[in-house]
Amino acid sequence: MADSLIWVVLLPIALGFAAFALPKGNDSLARGYGVVASLLAAGLVAAQYGDVGGQVSLPWFTLPWKAAFHFGSSQLSLLFCVLLAVITVAAAIATKVPRRRDFVAQLLLLEGTMMGLFLARDLLVFALFWDAMLVPVFLMLVNWGESTSAAWRFLIYNGAAGLGLLLATAAYGILAGSTDVIGGAQAPAALSGQATWWIFAGFALAYAVKTPLFPFHTWMPETYAASPSPLAAVISSVQSKSGIYGFLVVGLGLFPQEMHRWAPLLSLLGLAGMLYGAFVALWHNDAKRVLAYSSLSHLGLLFLGIFSFSPLAIVGVIVYALAHGFFNAMMFLVVGYVEAREDTRMLNRLGGLGIRNPKLAGAMTIGSMALLGLPGMAGFAGELLVLTGVWGAGERWYAAIALLPIVLAAVYVLRVMLKVIWGPQVPDLPLRPDLSWWEIVAVAPLAAGLLLFGLWPGLVVPAAHEIAGGAPAASATLAPAHVASEATTR
């Protein structure tokens, strides 16, 4: 099984390059190929659950530090791989762009690079996949996006942050002697002094830009709005989690002291992002931009949970990261369906969807209820666990203030539903067919994921225990603040 781990990374990449051999004009064949290829990748990920902890490592170089092509599966990395696999299948099914062959090829290449990121156990390999996943997104934005400027803004912001990550990785390797340290059972070589501050700053900045965290989010609204809906579903729901994954695995595992030092600032920025995103989402007229700012608000909650260092909040962070992935992907696909039928996504131009397209209205209702935190769905479970953990960790003002953007989420989501689903019909909009079975198949697994983790959030507990107990540094970081402070100063 360990040998098959490398194929979780290589198979989507190989199938992505192979897709360029398909006939150019056969869009149906290209979409079918994308669906089958993404299902094969999902099957490989599912098979890895029989070998959690599997490793495969190929030596790379030993000077000026030791590095290896090292991949390994853990409870947490496999959860993110499952999220990626399910959303890639949904995106492949929902793909209706022109030149579909090339789009499917880039989608599979993007999946492979993100699989490599989540499974990498060497910091340098992690950084290389971090930068590699920018390429297919940039090409898809240039070729199928609504704005070339959005593509360049995405590349400049994330490329600069990726360069910082690469430099920080190199500095870590030179000082520690090895970058093969992610998720190790033994504590890595301790770093100290001013260099550690700068190295962590390089990691933290890259993670904050990618997630994104306020005020490093300015590339995000334009990128999400300009992306075709299948691409927006993937980058908003999975690629944004690479920063969260980095803080959970690299930050908690390798930089416990720096995580505590930076906690007040990053918690405050997370809270600011929650409030700013929620208030902006209240008045936007573009449905995609409402989702973009809503995403900024929701992701801020994850920072509050991580930097509370509460084990309960960490469970909530993982649940909510998965929930956000599922409902964000579902909503971007649904908005894409609406736009394809009505030739607009402007809220003031839409209305009467519940009368004309009841199946589409039903899909939007499910996604919207998950987004606003309906009990029984994963979003509610994640929010409750994070806020309870933050409160229990002594950050009561943060927990109390965080309730406001959560309440505002209900306001802007219900505003969209009242307008689009139950609002008066706009007379000059064309009458379009309801959801096809193919479109229903695309969103059904996303709804199932929301229910699964909403009803059984305990499924992520092993992953949270893995973070808390997988390495001495992580265990110290997740201790209560005063205990962790004592441990890290000894």
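Here is how the numbers come out for the structure above:
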| item | result |
| --- | --- |
| Subset of region 149-173 that is among the aromatic types (Phe, Trp, Tyr) and surrounded by fewer than 21 Cβ atoms within 10 Å (Cβ to Cβ) - its residue that is nearest to the chain's Cα centre (by Cα) | Tyr157 |
| The listed residue being surrounded by fewer than 15 Cβ atoms within 10 Å (Cβ to Cβ) and in a helix (DSSP H, G or I), out of Gly50, Gly34, Gly16, Gly25 | Gly50 |
| Check on Ala473, of a type in the set (A, V, I, L, M, F, W, C), at pLDDT below 80 and either closer than 27 Å to Gly183 by Cβ or not in a helix (DSSP H, G or I) (or both) | yes |
| Which listed residue, of Glu342, Glu383, is at negative phi, among the charged types (D, E, K, R) and surrounded by fewer than 22 Cβ atoms within 10 Å (Cβ to Cβ) | Glu342 |
| Pick from region 174-201, criterion closer than 30 Å to Phe138 by Cα and surrounded by fewer than 21 Cβ atoms within 10 Å (Cβ to Cβ), ranking: modelled with the lowest pLDDT | Trp198 |
| Residues of region 330-352 classified as more than 18 Å from Ala94 (Cβ to Cβ) and aliphatic (A, V, I, L, M), total | 3 |
| Residue that is surrounded by the fewest Cβ atoms within 10 Å (Cβ to Cβ), among those in region 348-364 that are of a type outside the set (A, V, I, L, M, F, W, C) and in a helix (DSSP H, G or I) | Asn348 |
| Filter pass, Phe309 being of a type in the set (Phe, Trp, Tyr), crowded, with 24+ Cβ neighbours inside 10 Å and in contact with a helix residue (DSSP H, G or I) (Cβ under 9 Å, 6 or more places away or on another chain) | yes |
| Residue within region 381-390 that is closer than 25 Å to Val89 by Cβ, part of a helix (DSSP H, G or I) and not β-branched (Val, Ile, Thr) present | yes |
| Helices (runs of 4 or more DSSP H) wholly inside region 92-144 containing at least 3 residues that are closer than 29 Å to Trp438 by Cβ | 100-119, 134-144 |
| Top-ranked residue in region 404-459 [being outside any helix (DSSP H, G or I), of a type in the set (A, V, I, L, M, F, W, C) and in contact (Cβ under 8 Å) with a residue 24 or more places away in the chain; ranked as surrounded by the fewest Cβ atoms within 10 Å (Cβ to Cβ)] | Leu431 |
| Check on Phe303, under 26 Å from Leu78 (Cα atoms), assigned to a helix (DSSP H, G or I) and either aromatic (Phe, Trp, Tyr) or under 13 Å from the mean Cα position of the chain (by Cα) (or both) | yes |
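Here's the yes/no breakdown for (1) of a type in the set (Asp, Glu); (2) free of Cβ contacts under 8 Å to residues at least 60 places away in the same chain; (3) farther than 21 Å from Leu76 by Cβ:
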position	(1), (2), (3)
Gly273	no, no, yes
Phe307	no, yes, no
Glu342	yes, no, yes
Gly354	no, no, yes
Asn357	no, no, yes
Ala363	no, no, yes
Leu374	no, yes, yes
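The values are calculated or read from the model by the stated rules, or taken from the named source; none is laboratory data. Just so you know, these numbers come straight off a predicted model, no measurement behind them. All Cβ positions, even for glycine, are placed from backbone atoms using ideal geometry, and neighbour counts span all protein chains on display.
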